[in-house]
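Let me begin by presenting the structure, written as structure tokens, before commenting on it.
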There are 2 protein chains.
Amino acid sequence: MAEIIIASKNKGKISEIKKILSLKEVELLDLSELSFSSSIEESGITFRENALIKAETVFSLYKIPVIADDSGLSVWCLGGKPGVFSARFAGPDASDEGNNRLLLEKLQGIPDEERTAWFCCAAIFYHSTGKYFVSEGKVDGEITQSPVGKNGFGYDPIFFIPEYGKTMAQLSAHEKNRISHRALAFRGLKKYIEEYLRKLS
Amino acid sequence: MAEIIIASKNKGKISEIKKILSLKEVELLDLSELSFSSSIEESGITFRENALIKAETVFSLYKIPVIADDSGLSVWCLGGKPGVFSARFAGPDASDEGNNRLLLEKLQGIPDEERTAWFCCAAIFYHSTGKYFVSEGKVDGEITQSPVGKNGFGYDPIFFIPEYGKTMAQLSAHEKNRISHRALAFRGLKKYIEEYLRKLS
């Protein structure tokens with residue numbers, strides 16, 4: 001059976017990716033199973049560059065096709081920040097609450113119509129040296145004045161999606177997995193990976 | 001018949017790409033035919049980022065699948081330079097001769113074994129918003145002490161390929177189109193585009 005590595009150790013993310021992809025006839029490994037001990041420096045200035053750094057690093061080690069992604073929040077009036085620094089906005093070991101608090105502070109006094117923001121995810125399937133398919137997903141929204149909703153994680157409670165009249169944290173897991181930036185990105189990746197696997201068999 | 005845009009105005013490059021791809025059942029347009037008048041700022045720090053900027057810009061304007069590429073020379077002891085600045089190393093309107101002269105100057109006194117260099121090409125097929133396939137090609141070599149050979153263009157006369165015992169400028173067009181970084185990158189792209197076209201029909 002074909003093997004593919006998910007370049008992550010994050011259990012929540014791995015299970016979300018497996019659920020969205022729901023691939024048959026393939027064994028999905030991840031970095032915790034492979035006792036991958038080094039840390040990958042996410043030095044890119046874009047989500048896609050970071051996803052690619054992860055994919056290339058892992059592919060070069062194991063020579064097995066790799067799935068990698070990187071995602072984050074960009075706020076228009078902050079020139080796209082926190083962007084690739086989303087997870088570590090309030091510091092290297094920042095909590096979700098810490099990051100949310102800092103972002104709301106930075107937007108203090110800024111009216112609703114200038115709080116435009118977007119979640120992006122770049123997902124990559126890297127299957128041979130220098131050959132890869134990229135699928136990006138984006139959700140448009142705006143930053144609330146305070147956290148609303150209990151689901152999801154990260155910036156979900158302060159990310160309002162006008163189309164649904166809810167914050168990302170007010171969506172059910174099922175709804176989120178249908179419309180999120182990660183879902184959109186991985187849906188494109190799924191098609192490509194299925195085609196890739198079909199050609200192998 | 002399906003249409004694909006080659007995101008270039010450079011006649012030489014367009015004809016080289018058409019030759020390598022040799023696609024059937026598709027009309028390949030280019031930016032000179034589309035009276036594309038704006039200039040695309042190549043602000044990326046990597047070849048793939050520049051290729052992607054071109055592809056995205058053109059796709060967002062015409063909403064037709066786009067082929068784009070970016071390529072250049074990296075020299076190890078210059079920390080990867082000239083890299084994305086290869087074409088404009090000696091200035092914005094630099095000639096091939098000017099660029100070659102400047103590079104040889106910078107490497108003056110550096111022995112052969114430290115003149116390691118590589119040509120890279122990132123080729124992209126961008127077919128819907130945020131969905132694209134990337135194929136990269138790389139050729140390893142070393143910078144000569146002076147120009148040798150009359151074929152090709154750019155840094156070809158000072159790029160020696162140990163495997164062939166010749167500079168890139170000593171290869172025939174036929175040989176170059178078989179082993180060059182651009183040929184390697186576009187060969188990977190060809191497979192993907194053919195699959196894409198097959199699914200359309």
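The values are calculated or read from the model by the stated rules, or taken from the named source; none is laboratory data. Please read these numbers as outputs of a predicted model, since none were measured by experiment. Please note: Cβ atoms are built from the backbone with ideal geometry, for glycine as well, and neighbour counts cover all protein chains shown. Each accessible area value is taken on the protein alone, full model and side chains, heavy atoms only, with ligands, DNA and RNA left out. Shrake-Rupley method; radii C 1.70, N 1.55, O 1.52, S 1.80 Å.
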Does the range A:118-138 contain at least one residue that is over 18 Å from the mean Cα position of the chain (by Cα), within 27 Å of B:I124 (Cα to Cα) and polar (S, T, N, Q)? yes
From the list A:L31, A:L21, A:L52, A:L73, exactly one residue is over 16 Å from the mean Cα position of the chain (by Cα) and among the aliphatic types (A, V, I, L, M). Which is it? A:L31
For the range A:50-61 the number of residues that are under 23 Å from A:K138 (Cβ atoms), within 14 Å of chain B (Cβ to nearest Cβ) and open to solvent by less than 30 Å² (accessible area, probe 1.4 Å) is 4
A:S71 - would you say it is polar (S, T, N, Q), within 14 Å of another protein chain (Cβ to nearest Cβ) and over 29 Å from A:N151 (Cβ atoms)? no
Looking only at the range A:92-100, decide whether some residue is under 18 Å from the mean Cα position of the chain (by Cα), open to solvent by less than 60 Å² (accessible area, probe 1.4 Å) and at pLDDT 95 or above. yes
Which of the numbered conditions does B:I179 fail, given that it passes all the others? Conditions: (1) over 22 Å from A:A123 (Cα atoms); (2) touching a Lys or Arg at 6+ places or on another chain (Cβ under 9 Å); (3) among the β-branched types (V, I, T); (4) surrounded by fewer than 19 Cβ atoms within 10 Å (Cβ to Cβ). (2)
Applying the selection to the range B:2-49, what residues are open to solvent by less than 40 Å² (accessible area, probe 1.4 Å) and within 14 Å of chain A (Cβ to nearest Cβ)? B:G44, B:T46, B:F47, B:R48, B:E49
Need the failing condition index for A:K131 against (1) within 14 Å of chain B (Cβ to nearest Cβ); (2) in contact with a helix residue (DSSP H, G or I) (Cβ under 6 Å, 6 or more places away or on another chain); (3) under 22 Å from A:S180 (Cβ atoms), just the number. (3)
Inside the range B:163-192, can you point out the residues that are touching a helix residue (DSSP H, G or I) at 6+ places or on another chain (Cβ under 8 Å) and small (G, A, S)? B:A169, B:S180, B:A183
Do the conditions hold for A:V84, that is, is it part of a helix (DSSP H, G or I), within 14 Å of chain B (Cβ to nearest Cβ) and hydrophobic (A, V, I, L, M, F, W, C)? yes
Considering only residues that are assigned to a loop (DSSP other than H, G, I, E, B), under 12 Å from A:Q145 (Cβ atoms) and in contact (Cβ under 8 Å) with a residue 24 or more places away in the chain, which ones fall in the range A:90-133? A:L107, A:I110, A:R115
Can we say B:I64 is surrounded by fewer than 20 Cβ atoms within 10 Å (Cβ to Cβ), modelled with pLDDT under 85 and of a type in the set (A, V, I, L, M)? no
Only one of (1) of a type outside the set (S, T, N, Q); (2) out of contact with any strand residue (DSSP E or B) (no Cβ under 8 Å at 6 or more places or on another chain); (3) away from chain A (no Cβ under 11 Å) is not met by B:L107, so which one is it? (2)
Picking from B:R187, B:R198, the residue that is of a type in the set (K, R) and free of Cβ contacts under 8 Å to residues at least 24 places away in the same chain would be B:R198
Is at least one residue of the range A:183-191 within 14 Å of chain B (Cβ to nearest Cβ) and in contact with a Gly (Cβ under 6 Å, 6 or more places away or on another chain)? yes
Set A:R101, A:R48: member being more than 18 Å from A:F153 (Cβ to Cβ) and of a type in the set (K, R): A:R48
Looking only at the range A:164-173, which residues are outside any loop (DSSP other than H, G, I, E, B) and either surrounded by fewer than 19 Cβ atoms within 10 Å (Cβ to Cβ) or acidic (D, E) (or both)? A:K166, A:A173
Residue pairs qualifying under the 8 Å Cβ cut-off, at least six apart or on distinct chains, with the first in the range A:137-157 being under 17 Å from A:A94 (Cβ atoms) and the second being in a loop (DSSP other than H, G, I, E, B) and open to solvent by 60 Å² or more (accessible area, probe 1.4 Å), are A:P157/A:P147; A:P157/A:K150
The range B:152-163, subset open to solvent by 70 Å² or more (accessible area, probe 1.4 Å) and modelled with pLDDT under 95, residue farthest from the other protein chains (Cβ to nearest Cβ): B:F153
Flag for B:A169 being within 12 Å of another protein chain (Cβ to nearest Cβ) and either closer than 25 Å to B:E113 by Cβ or within 13 Å of the chain's Cα centre (by Cα) (or both): no
Subset of the range B:102-150, residues within 22 Å of B:L171 (Cβ to Cβ) and open to solvent by 70 Å² or more (accessible area, probe 1.4 Å), comes to B:D112, B:K138, B:D140, B:Q145, B:P147, B:K150
